[in-house]
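The values are calculated or read from the model by the stated rules, or taken from the named source; none is laboratory data. Model, not experiment: these values are computed from the prediction. Neighbour counts run over all protein chains shown; Cβ positions are idealised from the backbone, glycine included. Heads up: the accessible areas ignore ligands, DNA and RNA and are worked out on the full protein's heavy atoms, side chains in. Shrake-Rupley method; radii C 1.70, N 1.55, O 1.52, S 1.80 Å.
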Amino acid sequence: MEPMRQNGDANAKSERSSQTGRFLAFALIVILISAVAGAFWLNRDREPMRLTVATGPLGSDAYVLMREVAEVVIRHSDTLRLSVRPTIDASQNIALLNRGEIDTAVIRSDTPVVSDVRVIANLYPDIMHVISRSEAGIRSVNDLARASVSIPPFGTDAFRSFWVLGDHYDLSIDTMDWDAEPFAKGAERLLNGNVDALFATRSLRDAKLIRLFEDAQLKGLRLRLVPVRQASAIAVKRPFLEPAMIPAGTYTGATPVPGMDLPTPSVDRILVSRENISDDAIRELTRILFEHRLDLTIRFSLASAIAQPDQSRGLSVPLHDGAEAFYLRNEPSFIQENAEPLALMVTVATLLISSLFALRSRLNAGQKNRADIYNYQILDIQKRAFLEDDVQELHALKIELADVLQTVVIALDTDEVSDEGFQSFSILWEAVRESINDRITQLR
């Protein structure tokens, strides 16, 4: 009974090993099927990602630029589409962004934002313009204190910008003659002589600003751009502002306006998004802005000012991960930066794996040799059984046969014999046992 129990235990272990092999094969098939299904899923035809961008007033630089970006996106991207939404100003854009009603927005770099807003790119600078009628005799910002001035509407970014100048030059909000009104109305009143000066925060290529100087030229009216000579000092106090320059002849060339390079503060218009907007969508939008900037510039010259945020100077708004992934596309990867140590590690790993395979091969060879020794032992027992005529001696050979089985089962547990070696041994062992039983039956 003891040999039979040992043989049963060994067969059970072999069966468990066989079940494990079948399970691993099944798991491998499942993984392969999942990989194929995943590949089909990833390569399926998908709807393009859609981003809604808030810009600013209809017809403003930001609105026109983002409309052109949306057109270029259609031409050069299969995975992204933009919906452009006109708004009042950057403050409304941030409010819409915070409420999740839009995905991206054009704001000024000095617009207060919440913690989850991220920057994508710098679009263009807004330049502060102080424009006066020549006969008004306004030659510096201080002269605005005795003049009538049209400034942007209440609550807008440009309205706050004017009072940044007013604060620096000590212009009194109570004693100044100023009117807050839309740019179009202020420009009309300036041309008609109803105000002495007009303040605006606009780009150098703003269509309405250019039209103002063209209309003045047609009417034979001379307009003067007033320098803000302390622009650098204002930028020190207001870190989001930067000193800029309006080049001579920017608005008219025959009789150049301005007549020389003119200092003034500027503030960047930036494109921002929420942190949780898809990295893939933002990376694709960033790619379009920079890889197809020539196409954009041909459509709208202001697109030439699109630039990567300068992280070395510190950012007022953190960079979006998707945009950063595009900006770092040409940076050496971790593997490239650490090529030599990684190559050494791969070499060492290869040697170790080769050594393990060699060790395993030697172990398998040793297991096979030991299995062969046990097979020779039971073949020797079978040979002696054929030559034996004494039943008692045959029973002794059966006991010896059982001892060999016990030895092999122990060797299997200690991995001195492989499962395959035990399988062949067990078949031979069973055959020898039956032949001894047959011999005993014959002699009886």
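Odds and ends about this structure:
- Full-stretch length increase - residue 139, residue 327 - with 0.36 nm per residue and alpha-carbon distance subtracted: 63.3 nm
- Helix-only [θ]222 nm of the chain, DSSP H runs n ≥ 4, -39500 (n - 2.57) each, per residue, nearest 500: -17500 deg cm²/dmol
- With all protein chains modelled, accessible area of residue 237 [1.4 Å, Å²]: 140 Å²
- Calculated FRET efficiency for the pair residue 355/residue 160, C-beta based, R₀ 56 Å, to 0.05: 0.20
- Under the Karplus curve 6.51 cos²θ - 1.76 cosθ + 1.60, θ = phi - 60°, whole-Hz ³J(HN,Hα) for region 275-284, x wherever Gly or Pro sits: 4, 8, 6, 3, 4, 5, 5, 5, 5, 5
- Added length on full extension, which subtracts the Cα-Cα distance from 0.36 nm per residue, residue 169 to residue 240: 23.7 nm
- Per residue, region 196-263 exposes 52 Å² of accessible surface when a 1.4 Å probe is rolled over the protein heavy atoms with every protein chain present.
- Cα-based Rg / Dmax (Å) for the chain: 42.9, 143
- Solvent-accessible area of region 194-298 (1.4 angstrom probe, protein heavy atoms only): carbon and sulfur portion equals 50 percent.
- Euclidean distance of C-alpha centroids, region 192-265 and region 103-126, integer Å: 24 Å
- In the chain, the longest principal axis of the Cα atoms and the axis of helix 339-387 are about 20 degrees apart.
- Packing here is the average count of other Cβ atoms within 10 Å per residue, and on that basis the peptides 415-424, 102-111, highest first, run 102-111, 415-424.
- Accessible carbon and sulfur surface of region 138-178 relative to its total accessible area, %, 1.4 Å: 51 percent
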